[in-house]
Every structure is written in C-alpha cells, then in structure tokens.
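Working notes, structure below.
The values are calculated or read from the model by the stated rules, or taken from the named source; none is laboratory data. Small disclaimer: the values here were computed from a predicted structure and weren't measured. Neighbour counts are summed over all protein chains in view; Cβ atoms, including those assigned to glycine, are modelled from backbone coordinates with ideal geometry. Side chains are part of the model used for accessible areas, which takes the heavy atoms of the whole protein and leaves out ligands, DNA and RNA. Shrake-Rupley method; radii C 1.70, N 1.55, O 1.52, S 1.80 Å.
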Amino acid sequence: MSQVRTRFAPSPTGFIHLGNIRSALYPWAFARANNGVFILRIEDTDEERSSQAAVDVILEGMQWLGLNHDEGPFYQMQRMDRYKEVVRQMLDQGLVYPCYMSSAELDALRERQMAAKEKPRYDGTWRPEPGKTLPPVPAGVKPVLRFKNPQGGSVVWDDKVKGRIEISNDELDDLVIARPAAADSDEIIGTPTYNFCVVVDDMDMGITHVIRGDDHVNNTPRQINILRALGQEPPIYAHLPTVLNEQGEKMSKRHGAKPVTQYRDEGYLADAIVNYLARLGWSHGDDEIFSRAQLIEWFNLDHLGRSASQFDEAKLRWVAQQHMKTAADAMLAGLVRGQFAARGVSLPAALDDGRLAAMCALFKDRCSTTVELADWLGMYVADVIPPAQELAEKLTDAVKPAVAAFARRLADAAWEAPAINQALKDTLAEFKLKMPQLAIPVRLLVCGRAQTPSVDAVLALFERSVVLARLAA
Ligand code: GLU
C-alpha cells in the first residue's frame, strides 16, 4: 500500500470545539499509526465568516494537544490560481461547461419542480450534448461553470464508518464549480466553489484517507465524480458521526461548546483530552484509559463507532483524574508553576522544582486538573485563613494545650514525615486524644482546611517556620 496521507481541513469560522477537533485527532492518529503523513489545510474560502482569531485557536489547540502536522498549514485562499488552472483544464477537456441560466430562471425551474413534487435540480439546459442546440448566449451575462456529472450508473464507496454507500448519478445534478467572473473582466472563470477546491486539494495533496464529519457525506459522491473526471482514484472515506452535547444537541458554539483552548486554560492535561476524544467514537476493546503511545499503537479505522457520541463532562473529569494520577510529577510542577503565574502569585524562592514536584505527587490523586492542583498547593505559597466556625468547634480549650505541645515537639523534630508522625503520636499519648482530635485542628490552622492527605506528609512539605508560625497563631 502507498504511504498513508491524511488531512484535517477545518473552516476557521467560529472557535474550534472538542467535537470539531476530534476530526483532527483521528486522521492524526491514523497517520501516526501507519507511519504516514498528516496535513493541515485551512478552508478559509468563506471570507465573511473566516477569521484569523479562529485560525489561531485551531493552531494553538492542535499544538497543545500535540496533533502536530507534517505538511501545511495550506490556506485555500492562497491556492485560488491553482483551482482556476484545474477549472481551465477541465473546460478545455469538455468536462465543464458554461451555464447562463439566471437566478430568476433557476428559481422558476425550482418552483415548477416543487409543484410537480420533483426534487429540485438543475435540468441541464446548457449542458452540451452531441446534436443538441444550446439556447442563444445572453448578452452581458457571465456564466457559472458546471461539472458534467456522469449520467446513469451510480457512485459507490465503502465507507469505513457507514459501510457501503451507493448514490445513483440521477440524484446528482451538474454541480457549479466556479461562480461567474466579475462582469467587467475578460475572464470566464470566477471563484471556484467549495466542493471543487476540496477535490483539487485532496488530489494535489495525495490524500489516501479522508476522515471527516458525516455532515460532508452528501458531498462525497460529487467529489468522487470530479476526482474520477480528473483521472484520480478516490481515497478511502470515513465519515464520523456527530458529537452531541450533554443536552443531546449537535455540539456547536451556538449551543455553548467551549473553544478547545479553554480546556487547556482550565488545567486539563492534553493527554487526557486526547484519550477522552479518542474514546468518543472509537474503541479498543474495553480500554478506557490509555496513553498517547498506546493510542498510536492501536488506532485503526475498523473500530469507529457508527452512532453519534455524546459529550459527558463527568466522564471527561474521570478520565482527566486518571491521567493526573499517573502524570509525571516534574511535568505537573511545570504546569502548576504556569497556573500560579497566570494568577499573579509568585512562589517563595525556597520552593524549588523538587519540592513542588513532591507536592504535586502528594495531591495529584485528588485532582482532575492542574487548576485544582494549584488550588490545593495554595496553602504552601500564601497565607491561609482557617474557617472560623469549624476552628472554634475543633480547637477546643481541651485541645489547645495539645496543639502547643505538638508545636514544641516539631521545633526539635527532624523535618521529615516519620519524625513528624512520631511527634503527633507522642502528643496523642500524652493528652490521651484520638488522631482526628489533634490532626483536624492542626490541619485547619496550617492548611486552612480539615481534609488533606496524611497530615505528616502534608506538614513535611512546608517550611518548618511556617508550620510553627501558623500553629502559634
Ligand atoms: N472544512 C470542512 C469543515 O470544517 C471540512 C471539509 C473536509 O474535511 O472535507 O467542516
């Protein structure tokens, strides 16, 4: 088999969300799984709706998720000359013809067809045929160019998701592939249309597998016919079912979908998002949690889901938590530093990477995101305010002397968890208290909260002087 070449071809209209970027993940993973090439192509021909800001979110989102492309980004607006060149070639070969039907005539045709309960379609008035006399060319009118769709027979492909699809050519009218040229130009070829640009790109870029949303499935038979007219064998197609939001609507910005980069800002790990999106429409047995390397090892087009998948925030958070648990502490430390920087919190100079990584190791199990992790580690980098009512309940007059005795022991103890634990136990024995009676007020005073991982381990990561000062207060 020739080298696998896949592409992601987003339209930069609106900010790319998780549902859209899944259409980047699959062709990327398929290319990586097969030592292939992954191409990024920006379909920016809708000039009114396309924006640089939307392109930026695509590029940033893909970079964040590690969906790196090997070729591109190619911008369709920069390839217009090439599309026109192919139109011209097809015109010369008689594969394309000018059509002068005005929009008023088209409307009238459509109305007649609807009244007769027929499917509205172009009727081939201007399609040249041997022995046919075409109407006289109206003066001063620039034509559209239409593709001579094959008549009779059908277009068939084996879709990797939907199975065999067969569309009769009688269903397809002659597609407009170029709009009228400007009235004052000598040109006959105006702006090429969307479906045509896609065909030329897929041909020029040597795409072997088109993996895209199933909102394009209706375009496929037309694209295949044009490709064949250009002497190309069509690629393999996989049309991915829609991603629905939690309310069961098609995921869209209009329905509140967040831009991909917002998940980065909310502190999700890129590998967790990749894992979650991979499972949203593809499976490898019962595996729910996997690494990027495993995804690349396993990904194929044979286990794509056939039905729409639904976004589930709770599941995303669960997947994210599993990735936090196994994430490298040094990497988490770097991300947490970034979180504090974003909050404008400067870290104590004494807080080196090693200790920050140890803090991450202690707290990461409880977190789905690095934002939550930074929230936990806040106790180490800024003063805490113990919740007054809870403190009043737990730090009773009976317990206060025990806290003071614990503080005295800590002043002399070796500053490590086992010695801190010994100091705790000795204090409990001395005052005949149970662990929570002492550990909870200590946590409230030092950490500002009653629940933490094991108190000796938590304290050991503070500076001794900070713990003593908070206990003394
Ligand atoms: N630009 C199209 C979109 O964003 C994708 C076209 C394609 O993949 O062929 O929906």
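Taking the Cα centre of the stretch 149-291 as origin and charging only Cβ (+1 Lys, Arg; -1 Asp, Glu), how large is the dipole, in debye to the nearest 20?
Values: 13 positive and 24 negative charges, 57 e Å.
It works out to roughly 280 debye.
Hydrodynamic estimate: the Kirkwood radius of the stretch 395-452 over Cα pairs, inserted into Stokes-Einstein at 20 °C and 1.002 mPa s, corresponds to D of 188 µm²/s.
Take peptides 74-83, 437-446 and line them up by average Cβ neighbours within 10 Å, highest first, as a rough protection proxy. Could you put the intermediate results ahead of the total?
Working: 74-83: 15.6, 437-446: 21.7.
The peptides rank, most packed first, as 437-446, 74-83.
If you take every residue apart from Arg343 with its C-beta less than 14 Å away from the C-beta of Arg343, what net charge results, scoring Lys and Arg +1 and Asp and Glu -1? The answer is -3. Projecting the Cα atoms of Asn68, Gln89, Leu40 onto the charge dipole of the stretch 32-91, computed from C-beta unit charges around the Cα centre, puts Gln89 farthest toward the positive end.
The orientation-averaged shadow of the Cα convex hull for the stretch 367-473, equal to a quarter of the hull surface, comes to 6.5 nm².
Computed from Cα atoms, the angle from the helix 18-33 axis to the main principal axis of the chain rounds to 80 degrees. Given +1 at the Cβ of Lys and Arg, -1 at the Cβ of Asp and Glu and no other charges, the dipole of the stretch 370-473 around its Cα centre is 300 debye to the nearest 20.
Could you compute the net charge surrounding Phe290? Neighbours are other residues with a C-beta less than 13 Å from the C-beta of Phe290; K and R count +1, D and E count -1.
Working: positive: Arg279, Arg292; negative: Asp271, Asp286, Asp287, Glu288, Glu297.
Local charge sum for Phe290: -3.
Extension gain, Glu390-Ile188: 0.36 nm per intervening residue step, less the Cα-Cα distance, totals 64.7 nm. Separation of the stretch 136-170 from the stretch 377-446 is 78 Å, based on Cα centroids. Straight-line reach from Lys434: taking Cα to Cα under 17 Å and skipping same-chain neighbours fewer than 8 places apart, the aspartates and glutamates in range are Glu393, Asp397, Asp426, Asp456. Over the stretch 145-224, the ratio between the Cα radius of gyration and 2.2 N^0.38 Å evaluates to 1.26. Electrostatic bookkeeping for Leu172 treats Lys and Arg as +1 and Asp and Glu as -1; over the other residues with beta carbon under 12 Å from its beta carbon, the sum is +1.
Just want to confirm a number: the relative contact order over the chain, from Cα pairs under 8 angstrom separated by 6+ residues, in percent. Write out the running numbers ahead of the final one.
Details: 713 pairs, mean separation 61.2, N = 473.
Reported as a whole number, the value is 13 percent.
Per-residue packing, averaged as other Cβ atoms within 10 Å, sorts the ranges 130-138, 367-375, 16-24 into the order 16-24, 367-375, 130-138, beginning with the highest. Normalising the Debye intensity of the stretch 209-263 to I(0), with uniform scatterers on Cα atoms only, and taking log10 at q = 0.13, 0.14, 0.18, 0.30 Å⁻¹ returns -0.49, -0.54, -0.72, -1.16.
So if I place +1 on the C-beta of Lys and Arg and -1 on the C-beta of Asp and Glu, and nothing else carries charge, what would the dipole magnitude of the stretch 91-190 be about its Cα centre? I want it in debye, nearest 20. Don't jump to the answer; show the numbers that get you there.
On the way: 14 positive and 17 negative charges, 50 e Å.
That gives a dipole near 240 debye.
Spin-label pair Asp46-Arg408: with each label point 7 Å from Cα along the Cα-Cβ axis, the two points sit 7.5 nm from one another. Please report, as a whole percent, how much of the solvent-accessible surface of the stretch 5-58 comes from carbon and sulfur atoms (probe radius 1.4 Å). Percent of accessible area from carbon and sulfur atoms in the stretch 5-58: 39. Once R0 is set to 35 Å, what does the formula 1/(1 + (r/R0)^6) return for the Cβ-Cβ distance between Ile296 and Asp265, expressed as a FRET efficiency to the nearest 0.05? My answer for the efficiency is 0.85. Solvent-accessible area per residue in the chain equals 47 Å², computed with a 1.4 angstrom probe and all protein chains kept.
Calculated [222 nm] ellipticity per residue, helices only, for the chain: -14000 deg cm²/dmol; basis is -39500 (n - 2.57) per DSSP H run with n ≥ 4, divided by all residues, nearest 500.
So if the hydrodynamic radius of the chain is defined as the Kirkwood radius over C-alpha pairs, what does Stokes-Einstein give as its diffusion coefficient at 10 °C and 1.306 mPa s, in µm² per second? Please list the in-between numbers first.
On the way: Rh = 27.0 Å.
Using the Kirkwood radius from Cα pairs, D works out to 59 µm²/s.
Here the ratio of the Cα radius of gyration of the stretch 272-337 to 2.2 N^0.38 Å is 1.23. When only Cα pairs below 8 angstrom with a gap of at least 6 residues are kept, the stretch 242-298 shows a relative contact order of 22 percent. Need one number: the % of Cα-Cα pairs in the stretch 317-440 sitting beyond the 21 Å mark. Roughly 55 percent, rounded to a whole number. Here the stretch 325-471 exposes an accessible surface that is 56 percent carbon and sulfur, computed with a 1.4 Å probe and the other protein chains kept in place. Cross-link pairs exceeding 26 Å between alpha carbons, from the set Lys394/Lys425; Lys315/Lys364; Lys119/Lys148; Lys84/Lys258; Lys250/Lys325: Lys84/Lys258; Lys250/Lys325.
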